[in-house]
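The values are calculated or read from the model by the stated rules, or taken from the named source; none is laboratory data. On a predicted model such as this, the values are computed, not experimentally measured, just so you know. Counting neighbours? That spans all protein chains shown, and the Cβs are built from the backbone with ideal geometry, glycine included. These accessible areas exclude ligands, DNA and RNA; they are computed on the full protein's heavy atoms, side chains included. Shrake-Rupley method; radii C 1.70, N 1.55, O 1.52, S 1.80 Å.
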Amino acid sequence: MYEYINGLVTNIYPAYLVIADRSGVGYKLFVANPYRFEQNVESHVYVEQVVRENELTLYGFIDENEKALFNKLINVSGIGPKSALAILANGDSEGLVNAIANEDPTYLMQFPGVGKKTAQQIVLDLKGKLDDMAVSVGMPASKAKTNQSLTDALEALESLGYSAKEVAKLEKQLAANHDTTDGYIRSALKLLVK
């Protein structure tokens, strides 16, 4: 039902944060790591509403990639929303995606509530389904906007047909070079066609 909420982060607690929208309504959002957000700062938080038999809960995310990864995780048998948040809390989405791609359940077993059987189920259910997932999950939206030109350039490259994985590999190289979207795209294309 909800896609995102723009508002002021009014309170930060160990498991959740409260964000007040412009109409004055405060939303309690369970998030993987609430301390990635800054209190008393306007934020753009992606939201997923989960309805269970006896509860209605809102989960918040730094970006669309983190939200997409959450949704893929909760569709795995044995993984609920709280377990998915625990997995996302370490902020190492690249490690998670690689562990699944390389069929490495040992990496997944380090997370709370994930035993051998559940780790194997995660690999079984998600192998090959995360290839399009960008690996840059976890940067607060307020900080991500500091280089909107780079973000726009990376999105443009993906719309040209380059995979998120290819584009993510270029991000660090590009960040040091230009300050315009066009400049980033030109540099990226030169690197990609080599």
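Annotations for the structure displayed:
- Candidates Thr106, Thr57, Thr10 - the one that is part of a helix (DSSP H, G or I) and either open to solvent by less than 10 Å² (accessible area, probe 1.4 Å) or of a type in the set (Ser, Thr, Tyr) (or both): Thr106
- Within the stretch 26-38, the set of residues being out of contact with any Gly (no Cβ under 8 Å at 6 or more places or on another chain) and modelled with pLDDT of 95 or more comprises Gly26, Lys28.
- Of all the numbered requirements in (1) surrounded by 19 or more Cβ atoms within 10 Å (Cβ to Cβ); (2) under 15 Å from the mean Cα position of the chain (by Cα); (3) at pLDDT 95 or above; (4) β-branched (Val, Ile, Thr), Ile19 misses one, and that requirement is (2).
- Selection status of Leu124, among the hydrophobic types (A, V, I, L, M, F, W, C), at pLDDT 90 or above and surrounded by 18 or more Cβ atoms within 10 Å (Cβ to Cβ): no
- Matching residues, the stretch 68-84, being in a helix (DSSP H, G or I) and open to solvent by 20 Å² or more (accessible area, probe 1.4 Å): Ala68, Asn71, Lys72, Ile74, Lys82, Ser83
- Residue match in the stretch 133-151 (condition: of a type outside the set (S, T, N, Q), open to solvent by less than 50 Å² (accessible area, probe 1.4 Å) and at pLDDT 80 or above): yes
- A residue that is open to solvent by 60 Å² or more (accessible area, probe 1.4 Å), modelled with pLDDT of 80 or more and in contact with a Gly (Cβ under 8 Å, 6 or more places away or on another chain) cannot be found anywhere in the stretch 159-177.
- Here Ser43 does not qualify as small (Gly, Ala, Ser) and part of a loop (DSSP other than H, G, I, E, B).
- Failed criterion for Lys129 (all others in (1) open to solvent by 80 Å² or more (accessible area, probe 1.4 Å); (2) modelled with pLDDT under 80; (3) in a loop (DSSP other than H, G, I, E, B) hold): (2)
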